[in-house]
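The values are calculated or read from the model by the stated rules, or taken from the named source; none is laboratory data. Please read these numbers as outputs of a predicted model, since none were measured by experiment. All Cβ positions, even for glycine, are placed from backbone atoms using ideal geometry, and neighbour counts span all protein chains on display.
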Amino acid sequence: MSRARGTAYARAALLGNPSDGYGGRTISFAFTNLCAEVEVEEAGRSEVHPAGGRLLLQETLARFRRHAKAAGPAAATSELSFHWRTSIPREVGLGGSSAIVIAALRALCSLYGVSITREDLPAMALSVETEGLGIEAGLQDRVAQTYEGLTYMDFEAEAAASSVLDSSRTVELTPQGSYIRRLQHQVAERYNLLSRSRGKEPHRRVEIMPNGKR
């Protein structure tokens, strides 16, 4: 039987926690002495061991299958057995549940040869808990665990995109360099919104607007 394993590390906030909740900036880091590991294999029936991770891993699998439906019937229909373990303490702000989700997604990608980009992985992992299980959470843990090491995050564009979707009004972001502006344009595209850069350096900034408005 085919099997694969994925790993994700604990993360801690250095500055700005929890800035992802209100569109701020933060620096977080992942550290390798605490981690979650998930092993997945094709089996005769679906199982999760230990059973305490059943809902989390079932929802992770459902999200993965939606992403991987173009990869072929095996990824969509195979019965799978999950074995997981973690050394990350629970409910202490080290990203324990998100580490299990990301480790499982990495294992599933390895098993079926499916790719999830680093830009998309944090949002997919977040959707498992927020949309699938109704848990309040933000992107910070998932971004740090995806990129690992020391990670600077600016959530201004995420908050602006949500505001545009809610209000259908254009939101202007603070001036940024060309690299950050490019990332902000990518956020707008991910939300199916329009964006443009305006002004001259060093005050050039991005505007995010509803789709269909220029």
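Points worth noting:
- Any hit, region 24-46, residues being loosely packed, with under 15 Cβ neighbours inside 10 Å and under 22 Å from Gly132 (Cα atoms): yes
- Output for region 32-64, where each listed residue is within 17 Å of Val101 (Cα to Cα) and part of a strand (DSSP E or B): Thr32, Leu34, Cys35, Ala36, Glu37, Val38, Glu39, Val40, Glu41, Glu47, Val48, His49
- Residue check, Thr151 touching a strand residue (DSSP E or B) at 6+ places or on another chain (Cβ under 9 Å), surrounded by 13 or more Cβ atoms within 10 Å (Cβ to Cβ), modelled with pLDDT of 95 or more and of a type in the set (Val, Ile, Thr): no
- If you go through region 191-214 and keep only what is basic (Lys, Arg) and either in contact with an Asp or Glu (Cβ under 8 Å, 6 or more places away or on another chain) or on the phi > 0 side of the Ramachandran plot (or both), you end up with Arg196, Arg198, Arg205.
- Identity of the residue in region 82-127, surrounded by fewer than 24 Cβ atoms within 10 Å (Cβ to Cβ), among the polar types (S, T, N, Q) and closer than 16 Å to Gln145 by Cα, that ends up nearest to the chain's Cα centre (by Cα): Ser127
- Taken together, the residues in region 158-178 that are within 24 Å of Ser127 (Cβ to Cβ), in contact with a strand residue (DSSP E or B) (Cβ under 9 Å, 6 or more places away or on another chain), without any contact (Cβ under 8 Å) to a residue 60 or more places away in the chain and in a helix (DSSP H, G or I) amount to 3.
- Selection within region 179-203 - touching a residue at least 24 places away in the same chain (Cβ under 8 Å) and in a helix (DSSP H, G or I): Ile180, Arg181, Leu183, Gln184, Gln186, Val187, Ala188, Arg190
- Test: residue in region 139-156 that is of a type in the set (Val, Ile, Thr), assigned to a helix (DSSP H, G or I), over 30 Å from Glu42 (Cβ atoms) and in the same structural domain as Ala12 (by TED's automatic domain parsing): yes
- Options Leu133, Leu165; residue that is surrounded by fewer than 18 Cβ atoms within 10 Å (Cβ to Cβ), assigned by TED's automatic domain parsing to the domain that holds His185, under 26 Å from Lys69 (Cβ atoms) and touching a Leu at 6+ places or on another chain (Cβ under 8 Å): Leu165
- Region 9-23, subset modelled with pLDDT of 80 or more and touching an Asp or Glu at 6+ places or on another chain (Cβ under 8 Å), residue farthest from Leu94 (Cα to Cα): Tyr9
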